[in-house]
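The values are calculated or read from the model by the stated rules, or taken from the named source; none is laboratory data. Given the structure is predicted, the values throughout are model-derived calculations rather than measurements. Cβ placement follows ideal geometry from the backbone for every residue including glycine, while neighbour counts extend to all protein chains displayed. Protein only, heavy atoms only, side chains kept; ligands, DNA and RNA dropped before computing areas. Shrake-Rupley method; radii C 1.70, N 1.55, O 1.52, S 1.80 Å.
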Amino acid sequence: MGGVTGDPDFEKGNLRGKIKEGEQSEMAPISRSSSRPQLDLSGAAIQGNFEERNPTIILPNQSDDISHLALDIGGSLIKLVYFSRHEDRPVDDKRKRSLKQRLGFPNVNRRSYPILGGRLHFVKFETAEINECLDFINSKQLHRGGINPRGWHVNSSVNDDAIIKATGGGAYKFADLFKERLGVGIEKEDEMDCLVAGANFLLKAIRHEAFTHMEGQKEFVQIDQNDLFPYLLVNIGSGVSMIKVDGEGKFQRVSGTNVGGGTYWGLGKLLTKCKSFDELLELSQRGDNRVIDMLVGDIYGGMDYSKIGLSASTIASSFGKAIFGNKELEDYSPEDISLSLLRMISYNIGQIAYLNALRFGLKRIFFGGFFIRGHAYTMDTISFAVQFWSKGEAQAMFLRHEGFLGALGAFMSYEKHGLDDLMAHQLVERFPMGAPYVGGKIHGPPLGDLSEKISWMEKFLQKGTEILAPVPLAPLRTTGLGGFDSPSSKGGSLRSDDATLNVGVLHLVPTLEVFPLLADSKTYEPNTIDLSDHNEREYWLTVLSEHLPDLVDKAVASEGGTEDAKRRGDAFAHAFSAHMSRLMKEPSAYGKLGLANLFELREECLREFQFVDAYRTIKQRENEASLAVLTDLLMELDSMDEESRLLTLIEGVLAANIFDWGSRACVDLYHKGTIIEIYRMSRNKMQRPWRVDDFDTFKERMLGSAEKKPPPHRRALLFVDNSGADVILGMLPLARELLRRGTEVVLVANSLPALNDVTAMELPEIVAEAAKHCDIIRKAAEAGGLLMDAIVNIQDAPKEDSSLAPLMVVENGCGGPCIDFRQVSSELADAAKGADLIILEGMGRALHTNFNARFKCDTLKLAMVKNQRLAEKLVNGNIYDSVCRYEPGP
């Protein structure tokens with residue numbers, strides 16, 4: 001049976017669980033091994049806040065601490081999947097406790113099993129270098145449950161009956177070696193079980209897992225998990241297996257062919273003398289199959305056979321021209337032979353796959369296995385075949401993680417792997433330096449801790465070589481980090497095949513949820529700008545590149561300007577430049593790319609090199625300057641009539657939004673005056689009509705008319721942007737106005753620092769300082785539990801204060817300047833359930849993302865446009881134009 005392992009490596013191990021063609025396998029969901037010790041709950045304790053919804057549970061007597069490792073050991077590659085716990089420590093956050101009392105958040109864990117938030121890592125090794133794999137496992141103590149973030153081993157020894165899950169022929173071949181080197185047994189899992197289980201998980205849990213590939217263009221396909229089954233999974237290994245998947249654990253091998261990856265490699269080796277599969281693929285990229293293949297045009301004098309829909313360039317007979325003339329094998333180039341062979345086999349597989357899909361009425365065909373390995377021409381050829389034979393009614397689809405299906409399925413065979421209930425919104429993919437490629441090559445050993453990453457970067461740069469990818473394309477079998485004595489290069493720069501995709505680290509965040517006020521979460525697209533467009537991508541990557549030196553200076557200064565900080569700053573700059581170069585050439589390398597992803601990648605890269613808050617000092621300085629003039633502003637507002645005050649408040653939000661360290665134009669302004677001078681200048685320039693001006697409609701909803709006053713909103717979610725004047729002189733006075741009208745106000749801020757954006761951890765202190773100047777803010781903050789002297793017990797507050805509209809703060813679950821409402825914090829999702837007004841402020845949350853988003857309640861989008869291109873693109877305007885878009889709820 002071909003195509004089980006996903007590797008054309010002709011394993012000699014006995015493969016279990018073979019299914020005869022056409023035989024139905026009505027299996028129960030993939031079995032869970034009970035050979036690992038069961039959970040030892042003795043001495044279990046919640047770490048941190050007892051009232052957390054999904055608390056971290058410490059199991060001091062648990063031998064394996066539910067950290068898992070699984071492998072798919074093929075003849076050429078070892079694919080490894082392992083789980084590590086989050087390093088983040090829960091904080092005893094009084095704000096959160098108070099918020100739960102006020103909003104009535106449930107304190108119970110939604111899961112029946114206490115899953116720990118953590119990360120799912122994907123790593124590859126050459127099977128020929130299996131000792132490197134064993135060294136890696138041992139260095140991280142993965143066979144003992146992993147290394148605690150503080151550096152000590154979870155377990156000091158390995159149990160005699162400890163096992164590691166594995167699939168593939170190598171699970172049999174190397175079992176003794178694992179026992180000898182690591183002291184653990186290998187528990188073999190059925191390969192087809194693992195393959196299907198891995199595919200099912202990825203298609204349901206990863207938002208942009210599947211993609212099409214036609215004429216060199218990738219397009220990601222959103223799969224509705226409620227409409228996933230049935231589908232055809234075509235696994236192309238040595239041979240080809242075609243599996244009809246009807247549900248979890250329900251699949252049937254319906255067909256296959258012995259003409260697969262092994263055929264391509266075997267014939268290619270005989271005909272071209274290539275030493276490896278990758279070498280054969282590289283030859284095909286330089287070939288011209290028309291030299292060997294007989295085309296329709298060769299038969300019909302260069303003409304199409306239009307009557308039956310065949311173009312002149314269609315292959316009529318693979319290798320057909322070889323029958324003419326007196327040419328010998330050596331007269332044909334290896335490149336042409338390799339390409340002709342690749343097209344012949346790919347077309348054949350594509351045709352058989354479509355015919356099987358037609359036979360069973362299947363709408364979706366997913367291709368995977370060793371033969372694909374992210375190779376652009378292979379995917380193009382298969383796609384063309386499916387499109388041709390289906391007359392455009394079917395599409396071939398491919399998987400970003402296709403090389404890891406077996407290893408992931410083996411991981412899920414653990415009795416308590418914790419992945420069953422995870423949804424797409426609870427998985428966040430990150431791409432640290434060292435993220436592996438989908439393709440078959442190994443690009444050097446996995447990068448480990450920070451010092452190794454910096455050392456790798458410095459050694460790499462000493463070679464004077466431009467970095468175009470997060471992983472060095474080192475020669476195979478190099479030893480040590482960055483063993484680049486003779487780097488493989490093209491044109492002086494290291495690069496990968498433009499088609500290859502990267503596989504990141506999957507962060508499992510059970511507390512993330514879909515924002516409940518989205519009008520339609522299935523059609524929601526956060527990004528406003530299409531970065532698949534080359535010109536748009538080039539422009540925004542240039543903007544980020546030009547901003548990089550200033551960002552590095554701020555980051556280094558935030559760490560005291562030490563030599564260590566300078567080294568980390570240089571490494572960050574080169575690492576992020578590598579990411580940008582990679583995405584410029586291949587925008588789909590990390591999945592579907594939007595501005596939100598790009599900005600988040602920058603912040604993640606900063607955090608990777610341990611820059612926690614690059615603008616910390618600047619934010620503190622701007623907060624102090626803004627708080628100093630808050631009292632005067634509030635007195636000015638209180639002297640106005642209701643209508644004038646509302647207009648002045650909106651003008652104030654727009655004017656204060658000018659303070660954005662992520663905008664080059666705004667950074668230049670900082671050199672021309674103090675924060676207060678710039679704010680006043682901006683206020684003075686607020687002349688209506690604005691570029692987008694729905695203020696009158698918003699005013700009517702807020703104030704109504706003399707004859708009819710509308711009721712106030714019940715609860716407003718105010719998504720704040722920058723620290724300093726933006727939040728203190730802009731959004732906080734607007735929040736105050738809503739509070740005095742009886743509306744509950746929830747300030748929504750970033751969970752993690754990004755540029756000079758204010759965070760949810762910083763907001764309570766800002767509110768506490770503002771409360772010293774304003775009774776309205778003080779009483780609302782007390783009611784919302786934001787003031788330390790009011791946090792002791794809200795339930796003991798005087799009854800006369802129980803009707804006060806509270807002011808609360810929640811985190812949004814984000815660590816970048818934009819927001820994707822498909823993944824927000826659970827506390828924001830809970831706060832939203834009673835809200836009937838959303839105010840999105842700032843370019844990142846209201847323009848770069850969500851400008852076209854629709855919600856189930858009244859929505860006000862406020863921003864000053866601080867980028868000329870964005871102004872032209874979105875509102876046909878100019879830099880410093882203002883946007884006030886009001887969209888009434890349905």
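Given the options 268, 325, 344, identify the residue whose Cα lies farthest towards the positive end of the charge dipole of segment 254-391 (+1 on Cβ of Lys, Arg; -1 on Cβ of Asp, Glu).
344
Once fully extended, how much extra length lies between residue 869 and residue 217, figured as 0.36 nm per residue of separation less the alpha-carbon to alpha-carbon distance?
232.2 nm
Give me the dipole magnitude in Debye, nearest 20, for segment 531-622 about the Cα centre, with unit charges on the beta carbon: positive for Lys and Arg, negative for Asp and Glu.
So the magnitude is around 120 debye.
Where the only charges are on Cβ atoms (+1 Lys, Arg; -1 Asp, Glu), what is the dipole of segment 265-377 about its Cα centre, to the nearest 20 debye?
With only Lys, Arg, Asp and Glu charged at Cβ, the dipole is about 600 debye.
Could you list which residues have their amide H under 5 Å from that of residue 693, counting only those 5 or more apart in sequence or on another chain, with H placed in the peptide plane?
Amide H neighbours of residue 693: 884.
Sequence-distant or interchain residues sharing an amide H contact under 5 Å with residue 785, placed H: which?
none
Under the Karplus relation 6.51 cos²θ - 1.76 cosθ + 1.60, θ = phi - 60°, what is the ordered set of whole-Hz ³J(HN,Hα) values for segment 823-836, x standing for Gly and Pro?
Listing the rounded values in order: 9, 10, 5, 5, 6, 5, 4, 5, 5, 6, 5, x, 8, 10 Hz.
What GluC sites (Glu not before Pro) in segment 342-424 are in a loop by DSSP, with at most 14 other Cβ atoms within 10 Å of the Cβ?
In loop regions of segment 342-424 (DSSP not H, G, I, E or B), the sparsely surrounded GluC sites (Glu not before Pro) are 393, 415.
List, in order, the whole-Hz ³J(HN,Hα) value for each residue of segment 262-278 obtained from phi through the Karplus relation with A = 6.51, B = -1.76, C = 1.60 and θ = phi - 60°; use x for Gly and Pro.
So the Karplus estimates, Gly and Pro as x, are x, 4, 4, 5, x, 5, x, 5, 5, 8, 10, 6, 5, 9, 8, 4, 5 Hz.
Going highest first, how would you order 73-80, 257-264 by mean Cβ packing within 10 Å?
Numbers: 73-80: 25.8, 257-264: 21.4.
Packing proxy ranking, top to bottom: 73-80, 257-264.
Out of the chymotrypsin sites (Phe, Trp or Tyr not before Pro) in segment 300-398, which ones are loop residues according to DSSP with at most 14 other C-beta atoms within 10 Å?
300, 324
Whose amide H sits under 5 Å from the amide H of residue 259, counting only residues 5 or more places off or on another chain, with H placed in the peptide plane?
Here 240 satisfy the definition.
Step through the residues of segment 575-586 one at a time and calculate ³J(HN,Hα) from phi using the Karplus curve (6.51 cos²θ - 1.76 cosθ + 1.60, θ = phi - 60°), rounding each to whole Hz and writing x for Gly and Pro.
5, 5, 4, 5, 4, 5, 4, 4, 6, 5, 7, 9
I need the shape label for segment 802-890. Rule: rounded when a/c is under 1.5, else prolate if a/b > b/c, else oblate, with a, b, c from the alpha carbon gyration tensor.
Prolate, since a/c reaches 1.5 and a/b exceeds b/c.
Give me the dipole magnitude in Debye, nearest 20, for segment 846-889 about the Cα centre, with unit charges on the beta carbon: positive for Lys and Arg, negative for Asp and Glu.
140 debye
Just the accessible area per residue of segment 676-738, please: how many Å² with a 1.4 Å probe? Kindly include the intermediate steps, with their values, before the conclusion.
Details: 2740 Å² over 63 residues.
Dividing the accessible area of segment 676-738 by its residue count gives 43 Å².
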